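*Asks:* Handing you a structure now.
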Amino acid sequence: MDLAAIILLAYGLYYRRHHRRDLLFAYVALNVGIFAVVSLLLVQRVDIAVGFGLFGLLSIIRLRSSEITQQEIAYYFVAIVLGLVNGIAAAWPTTALLLNGVLLVVMYIADHPGLLGRTRHQVVTLDVVYADPELLRVDLESRLRARVLHCVVTQVDYVRDVTVVDVRYVVPQGSARDQTRARAGVR
């Protein structure tokens, strides 16, 4: 049941929408590892301190890379939870099946491209420094061809005339870029 759940999450949902093969492997490996450890702990009736120690080791895994988005961290979390649920609830298959279903349906809906698919996030480096935030917003909207929801200047270099901006924006309905990404299932 755990393998079916992680395959649905990793291959059926994550990979089809985000196309990152490296994380696909990480999700499956993490899930299977968690499931194996939990199953062993339950079968061997190991002291709870040992169990907490093993999960303490798992906390060493750091997800601080800028290449990993918050969405991908959510998939990591659900992969861990699926392993825990299936390991702990192995004695109650109906409960495990129900919880697997709830987790997978929630992830399907929460990460569906149709839900917030036109909202984007990008870090933009400009070859100009703006003193007026409104001029910055107008320039970003012109360059991105989209409505800027929020922008934060993260770096300004007056020597090189460079501004780095973290931008959240909405792609207009029906734009070619929006349609291409929607067909690909990308957010």
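*Asks:* Inspect region 41-58 for any residue being of a type in the set (Gly, Ala, Ser), modelled with pLDDT under 80 and not in a helix (DSSP H, G or I) and give the result as yes or no.
*Replies:* no
*Asks:* When region 117-155 is examined, which residues are found to be under 24 Å from the mean Cα position of the chain (by Cα) and in a helix (DSSP H, G or I)?
*Replies:* Correct list: Leu144 only.
*Asks:* Still on this structure, I have one more. Can you run down the residue pairs with Cβ atoms below 9 Å, 6 or more apart or on separate chains, where the first is in region 124-150 and closer than 14 Å to Thr163 by Cα and the partner is open to solvent by 80 Å² or more (accessible area, probe 1.4 Å) and not acidic (Asp, Glu)?
*Replies:* Listed by first residue and then by second, the contacts come to Val124/Arg143; Thr125/Gln155; Leu126/Arg143; Asp127/Arg160; Val129/Tyr158.
*Asks:* Which members of region 89-123 meet the condition of being under 22 Å from Leu41 (Cβ atoms) and either in contact with a strand residue (DSSP E or B) (Cβ under 9 Å, 6 or more places away or on another chain) or surrounded by 12 or more Cβ atoms within 10 Å (Cβ to Cβ) (or both)?
*Replies:* Those that are under 22 Å from Leu41 (Cβ atoms) and either in contact with a strand residue (DSSP E or B) (Cβ under 9 Å, 6 or more places away or on another chain) or surrounded by 12 or more Cβ atoms within 10 Å (Cβ to Cβ) (or both): Ala89, Ala90, Thr95, Ala96, Leu97, Leu99, Asn100, Leu103.
*Asks:* Any chance region 79-95 includes a residue that's closer than 18 Å to His19 by Cα and modelled with pLDDT of 85 or more?
*Replies:* Looking for residues that are closer than 18 Å to His19 by Cα and modelled with pLDDT of 85 or more, one finds at least one in region 79-95, hence yes.
*Asks:* Also: Kindly evaluate Glu67 against the criterion of being open to solvent by less than 30 Å² (accessible area, probe 1.4 Å), under 19 Å from Arg17 (Cα atoms) and either part of a loop (DSSP other than H, G, I, E, B) or modelled with pLDDT under 80 (or both).
*Replies:* no
*Asks:* To continue, here is another question. Of everything in region 78-109, what is free of Cβ contacts under 8 Å to residues at least 12 places away in the same chain and under 30 Å from Ala146 (Cβ atoms)? Give them in sequence order.
*Replies:* Hits for region 78-109 are Val106, Ile109.
The values are calculated or read from the model by the stated rules, or taken from the named source; none is laboratory data. Just so it is clear, the structure is predicted and the values come from calculations on it, not from any experiment. All Cβ positions, glycine included, derive from the backbone under ideal geometry; neighbour counts span all protein chains shown. Surface accessibility is based on the protein's heavy atoms, side chains included, excluding ligands, DNA and RNA. Shrake-Rupley method; radii C 1.70, N 1.55, O 1.52, S 1.80 Å.
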